[in-house]
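Let me begin by presenting the structure, written as structure tokens, before commenting on it.
The values are calculated or read from the model by the stated rules, or taken from the named source; none is laboratory data. Worth saying up front: this structure is predicted, and the values here are computed from it rather than measured. Cβ sites come from the backbone with ideal geometry, for glycine too, and all protein chains shown count toward neighbours. Quick note on the areas: whole protein, heavy atoms, side chains included, nothing else; ligands and nucleic acids left out. Shrake-Rupley method; radii C 1.70, N 1.55, O 1.52, S 1.80 Å.
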Amino acid sequence: MLARIDNQHKRFDLAIRAMKKLKDFTLDIYGDIYNQEDMEFLQKVIEKENITNVNFKGPTNKVKEKLDDSGIFIMTSDFEGYPIALIEAMRRGLPIVLRNTFDSAQDIVINNGVLLEKEWNENKFVEGVKEIYKNYEYYSENSKKLGERHNPEVIKKEWDELLK
């Protein structure tokens, strides 16, 4: 996960709690602390529920490197616009696990990951991660293909056409 630590909006707690059921996986979270109370809440969840496979990595300006070191990109936000982080993840070939909580979600996940229902279902999340793991190459290749829609040259041509 790569986002500001703002649990009211990003809902890290959902993925963190689910990691109890994904003991063979590790969740790394990169981002600045936006709200100290949220950070304290998330750390209490981890401690209280004895979750050992979640790591807060802090902010980074090496987004491409961190994405390349990752296997799946997870976003559990309650709402978004058209998240740049998801575009970056697709361009790096990462399969996506995303809640269907905003209009652009259905445009982002098309055979390149798992689009979860709006209402959180921890078991569906766990199943989604395992599904991606079993069919990783399929989802990764589809993510790269979809990411090409956001290639700077493609976008430039679209802007040129629009401005003509």
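What percentage of the solvent-accessible surface of the stretch 6-114, computed with a 1.4 Å probe over protein heavy atoms, is contributed by carbon and sulfur atoms?
Numbers: 2370 of 5570 Å².
Carbon and sulfur atoms account for 43 percent of the accessible area of the stretch 6-114.
Once the other residues with Cβ under 11 Å from the Cβ of ILE33 are scored (Lys, Arg +1; Asp, Glu -1), what is the net sum?
On the way: positive: ARG4; negative: ASP6, ASP32, GLU37, ASP38, GLU40.
Taking every other residue near ILE33 into account, the sum is -4.
Calculated mean residue ellipticity, 222 nm, the chain: -13500 deg cm²/dmol, from DSSP H runs (n ≥ 4) at -39500 (n - 2.57) each, averaged per residue and rounded to 500. Given R₀ = 25 Å, what would the calculated FRET efficiency be for ILE155 paired with ASP28, taking r from the Cβ atoms and rounding to 0.05? Plugging the Cβ-Cβ distance into 1/(1 + (r/R0)^6) gives 0.30.
In terms of the Cα gyration tensor, with a ≥ b ≥ c the square roots of its eigenvalues, is the stretch 91-164 rounded because a/c is under 1.5, prolate because a/b exceeds b/c, or oblate?
Oblate is the answer for the stretch 91-164, as a/c is 1.5 or above yet b/c matches or exceeds a/b.
Per residue, the chain exposes an accessible area of 58 Å² to a 1.4 Å probe, with every protein chain left in place.
Approximating the spin labels as points 7 Å out from Cα along Cα→Cβ, the GLU137-to-ASN61 distance works out to 3.9 nm. For the chain, the longest principal axis of the C-alpha atoms and the axis of helix 152-163 are separated by about 60°. Overall form of the stretch 1-66: oblate. Here a/c, set by the Cα gyration tensor axes a ≥ b ≥ c, is 1.5 or more, and a/b is not larger than b/c. Taking a ≥ b ≥ c as the square roots of the eigenvalues of the Cα gyration tensor, an a/c ratio of 1.5 or more together with a/b no larger than b/c marks the stretch 30-75 as oblate.
The residues packed around LYS66, meaning those with a beta-carbon under 13 Å from its beta-carbon, carry a net charge of -1 if Lys and Arg are +1 and Asp and Glu are -1. Across every pair of non-identical alpha carbons in the chain, the mean reciprocal distance, once inverted, gives a Kirkwood radius of 16.4 Å. Taking Cα atoms only, the orientation of helix 136-147 departs from the longest principal axis of the chain by about 50 degrees.
Give me the net charge of LYS157's neighbourhood, meaning all other residues with Cβ under 13 Å from the Cβ of LYS157; Lys, Arg count +1, Asp, Glu -1. Intermediate results must be reported in sequence, preceding the final value.
Working: positive: ARG149, LYS156, LYS164; negative: GLU148, GLU153, GLU158, ASP160, GLU161.
Cβ neighbours under 13 Å give a net charge of -2.
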